[in-house]
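The values are calculated or read from the model by the stated rules, or taken from the named source; none is laboratory data. As the structure is a computational prediction, the values presented were derived from the model and not from experiment. With ideal geometry, Cβ positions are generated from the backbone for all residues, glycine too; neighbour counts draw on all protein chains shown. Quick note on the areas: whole protein, heavy atoms, side chains included, nothing else; ligands and nucleic acids left out. Shrake-Rupley method; radii C 1.70, N 1.55, O 1.52, S 1.80 Å.
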Amino acid sequence: MFRTRHSVEMRVWRFLSLVLLVACSSSTTPPGPGVRPSPPPTGDAGFPEPTRPDAEVPVPSPAAVPSLPVYGGHGTVVGDQLFFADPERDLVSRFVIEGDVLREAHRIELPAGSVPFRAVGVATELHVTLRGSGRVARVAGDALVGTYEVCRAPRGIAWDAERGRVLVACAGGELVALDPEGHEQRRVMLEPDLRDVVVDDTGAIFVSVFRAADVLELDVTLAVRARHALPDERATDPTAYDLVSEDRVANTAWRMRATPGGGVEVLHQLSTTRAVQVAPGEEMPPDHAGYGAISEVPVCVRPVVSNALTRLSPTGEATSTRIGGGALAVDFVRTDRAYLALAGVHDFLGPSAAIARVEVIVAPTEVGTERCVGISHVQGAVGGGVAVEALFGRLVFYSRDDRAMLVDGVWEALPEAAEVRDLGHTLFHGLPGVQITCASCHAEGRDDGLVWDFGEGPRRTQSLLGGIGATAPFHWRGDVADFGGIMERTFAGQMGGFVPSPEWVALVESWLDTLEVDVATVDSAAAERGAVVFAEAGCPGCHQGALGTQPESVELDGSSWQVPMLRGVGLRAPFFHDGCASTLRQALDGCADHAVHPGAEALSAAQRDDLAAFLAAWD
């Protein structure tokens, strides 16, 4: 049966406070502002007793600003200064290290709803992409000197110093080149879901594709000259120490950085795409759940989603480091070795592991020891870590609650900032049992672009954006009546967590319903023509209203399926429950065992193109 609140959950949540503390080398409880960290703990010392979700948890006042999904990686170093953007509070802060003290030297307030993300030094300025407004902010001399429009969904940004241009990658598919004052020089369409753009030491240009974890290598005209798919893992690969090789698919490229001397390095996920489906009431082995094991020392044990770092050399050769354990790693930086920012929360009120070092770890087992590349906890913070940078070899990380911290040093108290804590957000990013979070498969509330096998046929991960609470019943078959059933089957049965109360379910569902969608960039004239085609072809019969769905299942290819929501569908490839269609046009034409989509049979090729454009722009 599923674990209940008063069974093994006490042990599970207590264990989670120690999950990442193997081979600890530093303080596990973050000291208060202005206090030097304590010596390394011994034995079982670690975080304070975590607050269990079934305890009486004081609900904080409503957040003063919207609580956004964890994006990860919104810091940069420019010369001798460090900058962190705060997407939720619309702030950009400049930090300096003076001796052994981290100090916030200045704070720039941006217009409400800006949602600052990636940042880069441009000559004497700092430029920051603003996810919320479709613009880029220019900061000079500790002042916001202006913003410039770039695209609807800006993501990564880079300074191409050799050619005197700023490059901005957009989730809609555009890559835009501008001069330092924001005047557009060139705009090219690459493909939807772009994430980072990097110019390496040799002047080579790379752009990452977020969920696919592909890297596009461009020439100076911004044309694609090579596509590098980060390598999947195979069960036949040589074993790295005691970490058993498995069939895993590379996905979700959280962060890409330039490598000294040329090339790039990418932090991404590796997913098995196979999992045990735990049915309600089914008995599971002790310390196990559908998405993996709950082990006392899970150093070399990986859940269905794990982490990896892959280096791409200037010649295109890829070298991957597979990392044992799980956790939600959303940013990385290298000094003497790699350090990860961990955003998974194991304690709702106290500190969670925030920074971990990637290294070879030897851990005890029941029959001896095991050795593999894993993560050693370095320091914690309330809310976990969402960004990490290195300034003069010193590690500094940023958390949602405690904000900027200097590892192994002293930091000054930061001025009060708006409350962002939302318990629905915390549960979504929480580590309930198995070392993964809801965000591991639903990064930023979206989907991983993968097709999974739960023993009932292929099932494409579904996005949670755009008002998911109004689309019940859930799952492709519509076999889960409400969101409480989703939490029971997935959070409890698959992830090894507790069975949430209706109050906890409502918190998660209400938080998810605050998340907006982004759309692919399309030809507006084609989309307008496609709107007419959509209506005349009878599509609204199933795809109703603003969400483009209906509660009733429909017959398709001889089976009954739920009608997927159309908001944001342009950034949700591949399509159908089995992922057989890589484009919306292919979904209309039919693929694998799917016939031409109902309503599209009599449409011309041009009409289908226009209809695909209309669907891709649905927001």
Legend entry - Hey, residue 614 touching a Ser or Thr at 6+ places or on another chain (Cβ under 9 Å), among the aromatic types (Phe, Trp, Tyr) and under 22 Å from residue 535 (Cβ atoms) or not: no
Inset, instruction - Could you please let me know if residue 432 is open to solvent by 10 Å² or more (accessible area, probe 1.4 Å) and assigned to a loop (DSSP other than H, G, I, E, B)? - result: no
Legend entry - Per-region count, the stretch 538-570, residues among the aliphatic types (A, V, I, L, M) and either under 19 Å from residue 172 (Cβ atoms) or open to solvent by less than 30 Å² (accessible area, probe 1.4 Å) (or both): 4
Inset, instruction - For residues that are among the β-branched types (Val, Ile, Thr) and in contact (Cβ under 8 Å) with a residue 24 or more places away in the chain, scanning just the stretch 363-378, find the one that is surrounded by the fewest Cβ atoms within 10 Å (Cβ to Cβ). - result: 365
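Where in the stretch 87-143 are the strands (runs of 3 or more DSSP E), entirely inside, with at least 2 residues that are among the basic types (Lys, Arg) and open to solvent by less than 20 Å² (accessible area, probe 1.4 Å)?
On the way: elements: 91-98, 101-109, 116-122, 125-130, 135-140.
Strands (runs of 3 or more DSSP E) meeting the threshold: none at all.
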Legend entry - Search result, residues across the stretch 231-269 that are within 18 Å of residue 326 (Cβ to Cβ), in contact with a Leu (Cβ under 7 Å, 6 or more places away or on another chain) and acidic (Asp, Glu): 233
Legend entry - Condition met for residue 508 (touching a strand residue (DSSP E or B) at 6+ places or on another chain (Cβ under 9 Å), open to solvent by less than 40 Å² (accessible area, probe 1.4 Å) and on the phi < 0 side of the Ramachandran plot): no
Inset, instruction - Starting from the stretch 102-114, take each residue that is under 24 Å from residue 408 (Cβ atoms) and among the basic types (Lys, Arg) and list its partners that are crowded, with 16+ Cβ neighbours inside 10 Å and at pLDDT below 95, counting only C-beta distances under 9 angstrom and pairs at least six apart or across chains. - result: 103/95; 103/97; 103/411
Inset, instruction - Mind telling me which of the residues 168, 197, 220 ends up being part of a loop (DSSP other than H, G, I, E, B), more than 29 Å from residue 452 (Cβ to Cβ) and among the hydrophobic types (A, V, I, L, M, F, W, C)? - result: 220
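Rundown of residues vs (1) in contact (Cβ under 8 Å) with a residue 24 or more places away in the chain; (2) open to solvent by 10 Å² or more (accessible area, probe 1.4 Å); (3) in a loop (DSSP other than H, G, I, E, B), yes/no style:
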site: 421; (1), (2), (3): yes, yes, yes
site: 448; (1), (2), (3): yes, no, yes
site: 456; (1), (2), (3): yes, yes, yes
site: 463; (1), (2), (3): yes, yes, yes
site: 466; (1), (2), (3): yes, no, yes
site: 478; (1), (2), (3): yes, yes, yes
site: 488; (1), (2), (3): yes, yes, no
Inset, instruction - Among residues belonging to the stretch 283-293 that are over 16 Å from residue 486 (Cβ atoms) and modelled with pLDDT of 70 or more, point out the one that is most open to solvent (accessible area, probe 1.4 Å). - result: 288
Legend entry - Qualifying positions in the stretch 427-447 - under 10 Å from the mean Cα position of the chain (by Cα) and within 17 Å of residue 516 (Cα to Cα): 439, 442, 443, 444, 445, 446, 447
Legend entry - So residue 608, is it open to solvent by less than 40 Å² (accessible area, probe 1.4 Å) and farther than 30 Å from residue 115 by Cα: yes
Inset, instruction - Take the stretch 163-186 and flag every residue that is farther than 16 Å from residue 206 by Cβ and open to solvent by 40 Å² or more (accessible area, probe 1.4 Å). - result: 180, 181, 183, 184, 185, 186
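Conditions tested, residue by residue: (1) farther than 21 Å from residue 113 by Cα; (2) in a strand (DSSP E or B); (3) over 20 Å from the mean Cα position of the chain (by Cα); (4) modelled with pLDDT of 80 or more.
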position: 363; (1), (2), (3), (4): yes, yes, yes, no
position: 372; (1), (2), (3), (4): yes, yes, yes, yes
position: 375; (1), (2), (3), (4): yes, yes, no, yes
position: 378; (1), (2), (3), (4): yes, yes, yes, yes
position: 384; (1), (2), (3), (4): yes, no, no, yes
position: 390; (1), (2), (3), (4): yes, yes, yes, yes
position: 396; (1), (2), (3), (4): yes, yes, yes, yes
position: 408; (1), (2), (3), (4): yes, no, yes, no
position: 425; (1), (2), (3), (4): no, no, no, yes
Legend entry - Subset of the stretch 144-155 that is open to solvent by 10 Å² or more (accessible area, probe 1.4 Å) and among the hydrophobic types (A, V, I, L, M, F, W, C) - its residue that is nearest to residue 570 (Cα to Cα): 151
Legend entry - Flag if residue 421 is among the basic types (Lys, Arg) and more than 22 Å from the chain's Cα centre (by Cα): no
